[in-house]
Amino acid sequence: MGDPLAIFGYWLHLGAAVFWIGGIAFILLIAIPASKSVPGNDSGLIMGEIAGRFGPLANWCILLLIVTGILMTGLAARYSGVMHQDNNWTIVLLVKLALVSAMVGIHFFRGLVLGRMIARVESGAGKSSLQKLSLNLVKVNLALGSAILLLSGALSYLS
Ligand code: HEM
């Protein structure tokens, strides 16, 4: 993939991967534990602010990953087509796309459904169990992101 457009697409793809998965890791491993050391309701307010700023950035990363991913797939010599899994590269890409679909699905379910349910529910057991589900889904997305990175490394190894 020598030409400038392909290199630029690759750079955008890597950058979007770093910002999205890096952001999830930062929120889970740094921001949430740090916010818990802040007394009173402020921790919830801080996390609300952080999530409110990270959400749109993650949306742009997803759009960039899909657009540049399609570009790179189209340019990839090893790609044999969805219906013709003639080689390991295409099979690994299809497994990767299945995990990406799950990760994007979880992202928008949390952002468009679960977040609104949590906002509507009065405090109490119902709210905290929804918040726990939301946090566990973020952990699932970090695991999916890590698996996608492993498969992406396998793709470049197989190419
Ligand atoms: C969460 C979403 C995604 C992440 C984190 C991700 C991550 C990566 C990374 C890190 C690489 C570089 C691998 C390397 O050079 O070692 C890569 C390459 C690639 N990605 Fe993605 N990607 C994602 C989504 C997609 C999507 C949606 C597509 C296709 C529509 C795609 C297609 C590709 C292709 C074709 C390559 C080049 C593989 C090669 O070197 O032969 N990716 N991806």
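Test SER152 against the criterion of being under 15 Å from ILE91 (Cβ atoms), within 16 Å of the ligand (Cβ to nearest atom), in contact with a helix residue (DSSP H, G or I) (Cβ under 8 Å, 6 or more places away or on another chain) and open to solvent by 60 Å² or more (accessible area, probe 1.4 Å), and give yes or no.
On the way: under 15 Å from ILE91 (Cβ atoms): yes; within 16 Å of the ligand (Cβ to nearest atom): yes; in contact with a helix residue (DSSP H, G or I) (Cβ under 8 Å, 6 or more places away or on another chain): yes; open to solvent by 60 Å² or more (accessible area, probe 1.4 Å): no.
Answer is no for this residue.
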Problem set entry | Within the range 111-136, considering residues that are outside any helix (DSSP H, G or I) and of a type in the set (Gly, Ala, Ser), the one least open to solvent (accessible area, probe 1.4 Å) | GLY124
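So that you can scan it fast, the table gives a plain yes or no per residue for (1) under 24 Å from LEU150 (Cα atoms); (2) of a type outside the set (A, V, I, L, M); (3) free of Cβ contacts under 8 Å to residues at least 12 places away in the same chain:
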position	(1), (2), (3)
GLY22	yes, yes, yes
PRO33	no, yes, yes
SER43	no, yes, yes
ALA58	yes, no, no
LEU93	yes, no, no
LEU99	yes, no, no
ALA102	yes, no, no
Exercise. So which residues in the range 72-91 are within 28 Å of VAL138 (Cα to Cα) and within 9 Å of the ligand (Cβ to nearest atom)?
Worked result: MET72, THR73
Exercise. Do any residues in the range 128-144 that are within 21 Å of LYS96 (Cα to Cα) have Cβ atoms under 7 Å from those of residues that are open to solvent by 60 Å² or more (accessible area, probe 1.4 Å) and assigned to a helix (DSSP H, G or I), where the two are at least six apart or on different chains, and which pairs are they?
Worked result: LEU137/ARG110
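The values are calculated or read from the model by the stated rules, or taken from the named source; none is laboratory data. All of these numbers come straight from a predicted model, not from anything done at the bench. Quick reminder, even Gly has a Cβ in these numbers, built from the backbone with ideal geometry, and neighbours come from all protein chains shown. For the accessible areas, the whole protein counts, side chains as well, though only heavy atoms, and no ligand, DNA or RNA atoms are used. Shrake-Rupley method; radii C 1.70, N 1.55, O 1.52, S 1.80 Å.
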